[in-house]
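Have a look at the structure below, then the notes.
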Amino acid sequence: MKIRRINPDQLHETPGYHHVTVVTPGRMAFLAGQCPLDRTGALVGPDDLDAQIDQVAANALTALTAAGAQPEHVVRSVIYVVSQDRKTLADAWRRLNDSSIGPAFTTASTLLGVAQLGYSGQLIEVDLTAALPD
């Protein structure tokens, strides 16, 4: 499996992610949206975005590991944050990049502010796709 990340000179600079990720064919893992739930299914950190980001990062790392991947194998990420505030979105981006799954966000990434997510009190969800190593 070969992963190549590209930032064409003709496109704007990014805050760490790449515009394009090219993957040589191989096995892929598509993770369900990782939510800020603990092992019992309880929401972690109601109204605390940082606590929820930490839980999402831990859950995503567990899911990636179960698939035989690590954060650097992620080839696409979509981050959903319940907020319309750009500072809140930027803070979430920074905390995720500083987390245990930070390398996942150097690839093709999308950050969205949304009105609501699936669980009452949920503030963040992360959707990851990984190219599994040989």
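The angle between the Cα long axis of helix 49-66 and the main principal axis of the chain comes to about 50°, on a 0 to 90 degree scale. Would you mind classifying the stretch 21-134 by shape? Square roots of the alpha carbon gyration tensor eigenvalues, ordered a ≥ b ≥ c; an a/c under 1.5 is rounded, otherwise it is prolate if a/b is larger than b/c and oblate if not. Here the stretch 21-134 falls in the prolate category.
For the chain, the residue among Thr24, Ala130, Val82 whose Cα projects farthest onto the positive side of the dipole built from Cβ charges is Thr24. Remark: the chain carries a charge dipole of roughly 440 debye about the Cα centre, counting +1 on each Lys and Arg Cβ and -1 on each Asp and Glu Cβ. Give, as ranges by residue number, the residues of the stretch 77-96 whose backbone N falls under 18 Å from the point 7 Å along Cα→Cβ of Asp50. In the stretch 77-96, the label zone of Asp50 (backbone N under 18 Å from the point 7 Å along Cα→Cβ) covers 82, 87-96. Computed over protein heavy atoms with a 1.4 Å probe, the carbon and sulfur contribution to the accessible area of the chain reaches 51%.
With the cut-off at 1.5 for a/c, could you classify the stretch 43-83 from its C-alpha gyration tensor as rounded, prolate or oblate? Oblate is the answer for the stretch 43-83, as a/c is 1.5 or above yet b/c matches or exceeds a/b. Protein heavy-atom accessible surface, 1.4 Å probe, per residue over the chain: 55 Å².
The values are calculated or read from the model by the stated rules, or taken from the named source; none is laboratory data. This structure is a prediction, so every number in the text was calculated from the model and none was measured. All Cβ positions, even for glycine, are placed from backbone atoms using ideal geometry, and neighbour counts span all protein chains on display. SASA here: full protein model, heavy atoms, side chains in, ligands and nucleic acids out. Shrake-Rupley method; radii C 1.70, N 1.55, O 1.52, S 1.80 Å.
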